[in-house]
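Structure record follows, encoded as structure tokens.
The values are calculated or read from the model by the stated rules, or taken from the named source; none is laboratory data. In this text, all values refer to a predicted model and were calculated from it rather than measured experimentally. Cβ coordinates were reconstructed from backbone atoms using ideal geometry, including for glycine residues, and neighbour counts include every protein chain displayed.
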Amino acid sequence: MEYYNILNLRKEPFSNSPEPEFFFEAPRYISCLQKLELAVRLRRGLNVVIGDVGTGKTTLCRKLIQQLSVAPKDAQEIETHLLLDPSFDSTVGFLQTISLLIGITDLAGQENEWQLKEKIKNYLFNKGVNENKIVVLIIDEGQKIPESCIEILREFLNYETNSFKLLQIIIFAQLEFKKVLNKYKNLADRINYLHYLHNLKFRHMRQMIRYRLKVSRDFEEGPDIFTFWGMLAIYLATSGYPRKVVSLCHQTLLMLIIRGKNKADFFLVRDCINDMYSPLFRSIRWVTLSLVLVVAAAVFIFQDAATMDFYGKLSVSQLAFQTKEIFSAPRIPEPLVKTIPVNIPAENPAAQKMPVNELAAFPAASSPAEPAPSTGAPPPALVQQKSLPVPAIVPEQKIQDVKMPEFLGALSMKKGRTLWKTVENIYGEVTPEIMDRVHEVNPLIDDRNTIYVGQKIKFPSIPAAIKPMQEGNFIVVVRKGTDMKVMYDFFHDHTYREPGMPLLFLPVWNSREGMIFAVVLDKNFSDFQTAQDYLGRLPEKLKDKAQIIAHWEETSVFFNRQALKN
């Protein structure tokens, strides 16, 4: 049995593989990720990320690749190619590898350098102009690129149209790559975005450890495994370098199991460090730690006190007496959907007069359970049917007076989100016309490519010319509600948490219900049974409020231009 099962974890939280799902959105990482993604979508050419060993370059690289392919539309429009080891003996070998990597198959093996360059240029022109695709070349371990190949990369950047570069190049490299940039100014001058990765601050390291544990529990709440002093020992031993932190946390969990404990404190972490390093290093390290422990703890507490005082107006005295609460992430439960049960008696005349073209919804099949003691109440299944949201009945003479609102709603931008991707999720595509409308109602946006955390963006009502589902088909509605923020947060979280379950954010307005925001499976079903089978495959936590929809109210107006797949 794996050690993480013993600790009631569902997957290994501190693997040494660059798993994108464990990517922690520290401010410096998420800022870098957003700017790289925007640079690719805008076809800006060369971007470089430089960082010391163990600062998270490879994990960031894998997360970027996932971001560029998570949506089905992106997977069709963006081709991402990863070169793991760029060390070559000759320029011809480098060009041959690039050619095969991006998909050029008509190589005889006898081409010279000029012929290979021409093949690559023609291929990129066909992909970028004729097929309107974005070709991305990501190079990891960029410090290994031979100097003879640096000039070739510069020449690749000359392959361009009047409006964009044909090849998008992203280089992840260690600190010695700075010498290359200093030497080759003609390459450095062409860099669109240059970012330096650094080690994590103590606060962000603690958040990263807790986030990894949360992911390993499938985002369910659980006890804190590491105490504050255990975290402090980890930081003092690793200086906040993510790779060292992950390695030490893995060893700490193993030690935790061996000793039969449920908390990793300062002394347990110290023993793990003693096992990982040489005796001389241990002596120097722990003499130093003994001298600076109290001072360092005070510094960290006062640093976080200043931050928390800014956000939560907490005083230093409160921090001194509430260390545990202050260094724990605030847990404020927020319901995904606010549902008010509506029970309609069978003899209700309004229910009997409901038009036949109303929304036809079928509740998710509930799993068999032991019958509850009889209390005179109706069976659970009957209660569930009667508790489904029922559209309000508007008198016919008043329907024509109901007008579609000017705005769908507003969202406060969060870490990990970009305006480009949010617009695409809401409207199904990003066009100059849509972006102009969004910018028109948000005049405070100075730069469409730079959106700040907490910035509130309004989204205008721009009707689509299509309906998402075909007549006679069924779709699975995972959630629906009237609060745009709640429903978009639900969509965004589950889109990246369940990458194998493609979802669509579907704003809908009609004269009876008003504005509704639905999160649906991106698929049309020709029959009810097939839709029911797919509904049954949803994670258990999503089944309780899922519905199968047969058709929408006739006056419905849709705003997402992406038609559901057949």
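Brief remarks follow.
- Qualifying position, being under 30 Å from residue 268 (Cα atoms) and either in contact (Cβ under 8 Å) with a residue 60 or more places away in the chain or not assigned by TED's automatic domain parsing to the domain that holds residue 103 (or both), among 134, 170, 225: 225
- Qualifying residue in segment 65-86 (condition: among the β-branched types (Val, Ile, Thr), without any contact (Cβ under 8 Å) to a residue 24 or more places away in the chain, in contact with a strand residue (DSSP E or B) (Cβ under 8 Å, 6 or more places away or on another chain) and in a helix (DSSP H, G or I)): no
- Filter result (assigned to a helix (DSSP H, G or I) and either under 19 Å from residue 64 (Cβ atoms) or of a type in the set (Ser, Thr, Tyr) (or both)) within segment 408-446: 419, 420, 421, 422, 424, 425, 427
- Some residue of segment 126-135 being touching a helix residue (DSSP H, G or I) at 6+ places or on another chain (Cβ under 8 Å) and part of a strand (DSSP E or B): yes
Table: residues versus (1) assigned to a loop (DSSP other than H, G, I, E, B); (2) surrounded by fewer than 16 Cβ atoms within 10 Å (Cβ to Cβ); (3) in contact with a helix residue (DSSP H, G or I) (Cβ under 6 Å, 6 or more places away or on another chain); (4) aromatic (Phe, Trp, Tyr).
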{"residue": "169", "(1), (2), (3), (4)": "no, no, no, no"}
{"residue": "178", "(1), (2), (3), (4)": "no, no, no, no"}
{"residue": "181", "(1), (2), (3), (4)": "no, no, yes, no"}
{"residue": "187", "(1), (2), (3), (4)": "no, no, yes, no"}
{"residue": "196", "(1), (2), (3), (4)": "no, yes, no, yes"}
{"residue": "199", "(1), (2), (3), (4)": "yes, no, no, no"}
{"residue": "203", "(1), (2), (3), (4)": "no, no, yes, no"}
{"residue": "207", "(1), (2), (3), (4)": "no, no, no, no"}
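- Residue that is farthest from residue 252 (Cα to Cα) [pool: residues in segment 188-239 that are among the aromatic types (Phe, Trp, Tyr) and out of contact with any strand residue (DSSP E or B) (no Cβ under 6 Å at 6 or more places or on another chain)]: 219
Listed here are the residues, each with its yes/no results for (1) in the same structural domain as residue 245 (by TED's automatic domain parsing); (2) over 22 Å from the mean Cα position of the chain (by Cα); (3) at pLDDT 90 or above; (4) under 30 Å from residue 22 (Cα atoms).
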| position | (1), (2), (3), (4) |
| --- | --- |
| 43 | no, no, yes, yes |
| 49 | no, no, yes, yes |
| 52 | no, yes, yes, yes |
| 71 | no, no, no, yes |
| 79 | no, no, yes, yes |
| 97 | no, yes, yes, no |
| 108 | no, yes, no, no |
| 123 | no, yes, yes, no |
| 147 | no, yes, no, no |
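- Tabulated pairs, segment 244-266, first under 16 Å from residue 9 (Cα atoms), second of a type in the set (Gly, Ala, Ser), C-beta under 7 angstrom, 6+ apart or interchain: 252/264; 256/264; 264/230
- Flag for residue 163 being at pLDDT below 90 and part of a helix (DSSP H, G or I): no
- Criterion applied to 142, 128, 103 was being in contact with a strand residue (DSSP E or B) (Cβ under 9 Å, 6 or more places away or on another chain) and either exposed (fewer than 15 other Cβ atoms within 10 Å of the Cβ) or of a type in the set (S, T, N, Q) (or both), and the one residue passing it is 103.
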